[in-house]
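Reviewing the structure listed below.
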Amino acid sequence: MKIALIGYGKMGKAIEEIAVSRGHTIVLKVSIDNLEDNTIPRIAAADTAIEFTGPDSARDNIIRCIDAGVPVVSGSTGWLSDLEMVRQYCLQKSGAFLYASNFSVGVNIFFEVNRRLAMLMSSHPDYEPRITEIHHTEKKDAPSGTAITIAEQVLEKIQRKKGWVNHISDNLEELEILSERTDPAPGTHIVEYRSPIDSITITHTAHNRRGFAMGAVLAAEFIAGKKGIFRMSEVLGF
């Protein structure tokens, strides 16, 4: 399979290493140093595109891939206010698009555990939920996209919480997400339910970027030749 890498930073290089080891060919690498190569004809030479850039460029990069007729996998965060628009554009153009806040197989298993735990805790108001996410200091967005996904799953099941905030709150209707930035820290996400008598905690800790990169390549393999909107749960068979 021929892959276009839109974003060739640390994550892009990790994706390249795994993709090549699995027999794929990288036909385009777009970084800040060669933005002139980020064109529809160059992207169209690929079977799939993997997009890991930033909040200011993700939407346009994804649309460009869709216009090129190339299925695109995106893991960029900080741009999600445009996500639904991009999904609708993809459907209008009969394209293929998969977005995930986190491609790690372990994190996606964690998502399933989090959803189940939130459902179990929904009828126990004595337990107060809180989310903590810890990342390296180069991470540009806070809270992380993964933490937002976790929070949305909790809010879906625990109706007494009306929304999330990125700070400590005295409002019992707000779900706290606390963001910490320290080095080195590939990524840790903690969900805690605390009551006056005990606490229940689930934690996912990334040891390196390899898990994220492997998941992105699996997603690219999955979406090749398809049409429509997809999720990592489908890639992993959940």
Index of the failed condition, residue 141 passing every other in (1) charged (D, E, K, R); (2) modelled with pLDDT of 95 or more; (3) open to solvent by less than 50 Å² (accessible area, probe 1.4 Å):
(2)
Matching residues, region 179-208, being surrounded by 19 or more Cβ atoms within 10 Å (Cβ to Cβ) and in a loop (DSSP other than H, G, I, E, B):
187, 206
Where a residue in region 117-132 is within 19 Å of residue 180 (Cβ to Cβ) and its partner, wherever it lies, is hydrophobic (A, V, I, L, M, F, W, C) and part of a loop (DSSP other than H, G, I, E, B), with Cβ under 7 Å and at least six apart:
129/158
Does any residue of region 227-236 turn out to be surrounded by 16 or more Cβ atoms within 10 Å (Cβ to Cβ), touching a helix residue (DSSP H, G or I) at 6+ places or on another chain (Cβ under 7 Å) and part of a helix (DSSP H, G or I)?
yes
Looking at the structure I just gave you, is residue 192 touching a Leu at 6+ places or on another chain (Cβ under 9 Å) and acidic (Asp, Glu)?
no
Quick test of your reading of the structure: residue 77 fulfils all but one of (1) at pLDDT 95 or above; (2) touching a helix residue (DSSP H, G or I) at 6+ places or on another chain (Cβ under 7 Å). Name the failing condition by number.
(1)
Within the set of pairs 6 or more residues apart or between chains, which connect a residue that is closer than 21 Å to residue 213 by Cβ inside region 24-36 to a residue that is of a type in the set (Gly, Ala, Ser) and in a strand (DSSP E or B) with Cβ atoms less than 9 Å apart?
26/4; 27/4; 28/4; 28/49; 29/4; 30/4
Residue that is of a type in the set (Lys, Arg) and out of contact with any Asp or Glu (no Cβ under 8 Å at 6 or more places or on another chain), where the choices are 161, 93, 140:
140
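Of all residues in region 125-137 being assigned to a loop (DSSP other than H, G, I, E, B) and more than 17 Å from the chain's Cα centre (by Cα), which is surrounded by the fewest Cβ atoms within 10 Å (Cβ to Cβ)?
Going through region 125-137, the residues assigned to a loop (DSSP other than H, G, I, E, B) turn out to be 125-127, 136-137.
Subsequent filtering for residues that are more than 17 Å from the chain's Cα centre (by Cα) retains 125-127, 137.
Details: 125: 11, 126: 11, 127: 19, 137: 9.
That would be 137.
The values are calculated or read from the model by the stated rules, or taken from the named source; none is laboratory data. Bear in mind the structure is a predicted one, so any value in this text is a computation, not a measurement. Here Cβ is always computed from backbone atoms with ideal geometry, including for glycine, and neighbour counts include all displayed protein chains. All accessible areas refer to the heavy atoms of the entire protein, side chains included, with ligands and DNA or RNA removed. Shrake-Rupley method; radii C 1.70, N 1.55, O 1.52, S 1.80 Å.
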